[in-house]
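Provided herewith is a single structure, encoded as structure tokens, for subsequent inquiry.
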Amino acid sequence: MTMTPARALDVALYVLVLDGLVGLWLGGLLTLPALVLIAVVVAASWPGSLPRRRLASASRLRAALGGGLTLALVADVLAVAPTMLDVFTHLLVLLLLVKLHVRRTLRDARDAAFLAFFLLVAVAPMTSSLAFLALLVVFVVAGTWLLLLRHLLGEADQAPPAAPAPAGVLGLGRGLLSVGAVAALGVLVVATGLFVAIPRLGQAALPMRAPAARLVSGFTERVELGAFGEIELDDTVVMRVHLPGWTEGLASPETLPWLRWRGMAFDRFDGRAWTIGRAERLTIRRTSAVPFPVGRYRGGRTFIQEIFLDPLGTNVVFGAPRLLYLQSRSDEVTLDDLGNVVVPLAAARLRYTVESEPELGDPRGQPAPELAAPDDPRWRARYTALPPLPPRIAALAREVTAGAADPYEAAQRLTTFLGRELTYSRVLERRTDLHPLEEFLFVARRGNCEYFAAALAVMLRAVDVPARVVNGFQRGEWNPYGGYFMVRLRDAHSWVEAFVDGAGWVTLDPSPRAGVERRAAPGAARLWLDAVRMSWYRYVVNWGLGDQLAVAEAFRRASAAWGSSAVDVFAGRPDRGVLLAVALAVGALALARRARTAALPAAAAIAPPHFYARALRALARGGLAPAPAETAREFAARVARVAPALSLPLRRVTDAYERVRFGGARLTGDEASAIDACVDRLRARDEPFPARRA
């Protein structure tokens, strides 16, 4: 079955439209039901379909639909759409549907293709999925085909009405397929080069979106016990942590049990919820691209984390405990005395780099005077304050810590007790009317990490040890193909920080979660696919000016190294340089001569001489054109039988055509004048030729 160019153009256009709509769904700008509904409306606009014919013949129905769509758009702008980007997207979809249903000309097809392109533009900052690459490739290929077919159909429309289309012009042959494939490949190559070279706006459109709909438990400024029911078991990867230049002397990253990614700390407990009290905040601004100092270096090993974070509805920065430096796209960062680091710019939180000094060994080994507890009763009251609680919670804390040599040993005893005597569970069920922590410690004796962390912090405060609750993520799964940690939503975790004189805040994790959760190791295919996604996110989605400068610098260094090597080779031997230059010049001249010689017959084989093309156009106005397999001589003989008066001038034109095209001859001035006169004689006859069979 042969497809006509007009039908092929329809197919290419609808592929572009569906590609853009799927992109909107992928980026969360369209729900699945809305996508299906819009796809049905798009299908109804197919040329020749029954709904389109009915709509074309019903003017009142068209007016009613137009008014209804206008009212719907006004309501969307005023009350429905959450952001201006949603309004813009809905307007684009509406215009696209209208254009598809009223499409009549090639210009309408072009306009619809542009609208489909802007659908992809709208969704580009909203998704980091690798599937967007496939949508982009499909759009480039289909768009290139649409432009080629539109050009062919436009040229055919401009041809004389009486002239039949030359053979192969309106057919989708192998040559046209090759041209389309090469053109699409060229567009992709050029676009890739421009992407690498031109500075980008990055995630500039991200602030147009509403905050992320999914918020992970604990990453707000209030965490209430028992309010979340069964904690989220989502396997979605929300953070990837790459460790460039892992510090020599430390174990392999995937074997470190102490790795976790700290998010937000809380210091006030009202009996049911942890919140942030009156924390002292400091905002740091910078004027040059230097890292922000966010912590105090204590003289130990450090390591760097390059973090790629999906939007989580929080402006907190995640990183391994004891952050020292932060490098991000933002020129402003806010710190507080809880150790929380906040970046207000949403785009700057999607990719950033932090440096941390991990907690290794016993924190009491090398006490530092500057890390002693402040001599301020208000500070101690802040981190030891407790609301009215059942007395047996404090009694249990004193019983477990009885005889401890110092606060750190007491903290270790409580941590061990909770992890040994109580059970970790994802399911949270209230069985009594007791206080949540009392029920957790004495009745249920099972709970999630939030209950373990809250219980430890409360029991530490009950024995006068300063403590606070921290939320973040566990280590995650190591991906050996990409060399990074895959952190999922299910890795959201809570633990405790206690203050030790001379060591500052130290991490304590009482939850036995790691020993209870038995996760099947992901297969090699899944790990490899996620590594590909990571590369896409790192080198495409987050490609920015800094990366461009790094590539330029690497190219400059490589060029300098090559130049110095060349100087070393020819140093002291200038004759070598002269010989090399002469050899290169001779080779270039030889290649140019060969290319020019080979191009003459190739060009002659592609296009007929100008005078012969004029002769064919003159005959086409009378209704005569060469058949697909008809030679120039056979065509001249057929014209002689139909119109004997034109036999002589056409035979002379045909002879000259064969000598020039196949013999490589050049016409003299007199010969060219004579051939032009013959062509003029052919053009002088405008009336149609009589219909006669050969």
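When residues of region 350-370 are filtered for being at pLDDT below 80, surrounded by 13 or more Cβ atoms within 10 Å (Cβ to Cβ) and not in a loop (DSSP other than H, G, I, E, B), how many remain?
Summing the residues that are at pLDDT below 80, surrounded by 13 or more Cβ atoms within 10 Å (Cβ to Cβ) and not in a loop (DSSP other than H, G, I, E, B) in region 350-370 gives 0.
Separate question: Looking only at region 420-465, how many residues end up being closer than 22 Å to Ala381 by Cα and of a type in the set (D, E, K, R)?
Number satisfying all stated conditions: 2.
Follow-up. Thr597 - would you say it is of a type in the set (S, T, N, Q), loosely packed, with under 15 Cβ neighbours inside 10 Å and at pLDDT 85 or above?
No.
Restricting attention to region 93-127, which residues are touching a helix residue (DSSP H, G or I) at 6+ places or on another chain (Cβ under 6 Å) and of a type in the set (S, T, N, Q)?
The answer is Thr127, and nothing else.
Pull up region 3-57, narrow it to residues that are closer than 24 Å to Arg110 by Cα and among the hydroxyl-bearing types (Ser, Thr, Tyr), then point me to the one that is modelled with the highest pLDDT.
Tyr14
Regarding region 105-115, can at least one residue be identified that is among the aromatic types (Phe, Trp, Tyr), modelled with pLDDT of 85 or more and within 17 Å of Val17 (Cα to Cα)?
Yes, there is a match, as at least one residue in region 105-115 is among the aromatic types (Phe, Trp, Tyr), modelled with pLDDT of 85 or more and within 17 Å of Val17 (Cα to Cα).
Listed here are the residues, each with its yes/no results for (1) among the basic types (Lys, Arg); (2) surrounded by fewer than 12 Cβ atoms within 10 Å (Cβ to Cβ); (3) more than 28 Å from Ala620 (Cα to Cα); (4) at pLDDT below 80.
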{"residue": "Leu130", "(1), (2), (3), (4)": "no, no, yes, yes"}
{"residue": "Ala159", "(1), (2), (3), (4)": "no, no, no, yes"}
{"residue": "Ala183", "(1), (2), (3), (4)": "no, no, yes, yes"}
{"residue": "Thr192", "(1), (2), (3), (4)": "no, yes, yes, yes"}
{"residue": "Ile198", "(1), (2), (3), (4)": "no, yes, yes, yes"}
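Taking Pro344, is it in a loop (DSSP other than H, G, I, E, B) and either in contact (Cβ under 8 Å) with a residue 40 or more places away in the chain or under 19 Å from Arg262 (Cα atoms) (or both)?
yes
In this structure, does Leu259 turn out to be in contact with a strand residue (DSSP E or B) (Cβ under 7 Å, 6 or more places away or on another chain), at pLDDT below 90 and surrounded by 13 or more Cβ atoms within 10 Å (Cβ to Cβ)?
Here the answer is no, as Leu259 does not meet what is asked.
Which one of Ala346, Ala397, Ala320 is within 32 Å of the chain's Cα centre (by Cα), surrounded by 17 or more Cβ atoms within 10 Å (Cβ to Cβ) and not acidic (Asp, Glu)?
Ala320
Under 6 Å between Cβ atoms, which residue pairs at least 6 apart in sequence (or on different chains) link something in region 516-540 that is closer than 19 Å to Leu243 by Cα with a partner that is modelled with pLDDT under 70 and outside any helix (DSSP H, G or I)?
Here the result reads Arg533/Leu130; Trp536/Leu130; Tyr537/Ser128, each pair linking region 516-540 to a residue that is modelled with pLDDT under 70 and outside any helix (DSSP H, G or I).
Looking at region 271-296, I want the residues that are under 23 Å from Glu359 (Cβ atoms) and have a partner that is among the small types (Gly, Ala, Ser) and outside any loop (DSSP other than H, G, I, E, B) with Cβ atoms under 7 Å, at least 6 apart or on another chain. Which pairs are those?
If the second residue must be among the small types (Gly, Ala, Ser) and outside any loop (DSSP other than H, G, I, E, B), the pairs left are Trp274/Ala454.
Being buried (at least 23 other Cβ atoms within 10 Å of the Cβ) and free of Cβ contacts under 8 Å to residues at least 60 places away in the same chain is the filter here; which residues of region 471-490 pass it?
Matches in region 471-490: none.
Between a first residue in region 404-427 that is touching a residue at least 60 places away in the same chain (Cβ under 8 Å) and a second residue that is acidic (Asp, Glu) and in a loop (DSSP other than H, G, I, E, B), which pairs have beta carbons less than 6 Å apart while being 6 or more apart in sequence or on different chains?
Pairs that qualify, where the first residue is touching a residue at least 60 places away in the same chain (Cβ under 8 Å) and the partner is acidic (Asp, Glu) and in a loop (DSSP other than H, G, I, E, B), are Arg426/Glu230; Val427/Glu230.
Right, Pro388: surrounded by fewer than 11 Cβ atoms within 10 Å (Cβ to Cβ) and touching a residue at least 60 places away in the same chain (Cβ under 8 Å) or not?
The answer is yes for Pro388.
So, one more: So which residues in region 652-669 are part of a helix (DSSP H, G or I) and surrounded by 12 or more Cβ atoms within 10 Å (Cβ to Cβ), if there are any at all?
Hits for region 652-669 are Arg652, Val653, Thr654, Asp655, Ala656, Tyr657, Glu658, Arg659, Val660, Arg661, Phe662.
The values are calculated or read from the model by the stated rules, or taken from the named source; none is laboratory data. What you are looking at is a predicted structure, and each value in this text was computed from that prediction instead of being measured. Ideal geometry is used to build each Cβ from the backbone, glycine not excepted, and the neighbour counts take in all protein chains shown.
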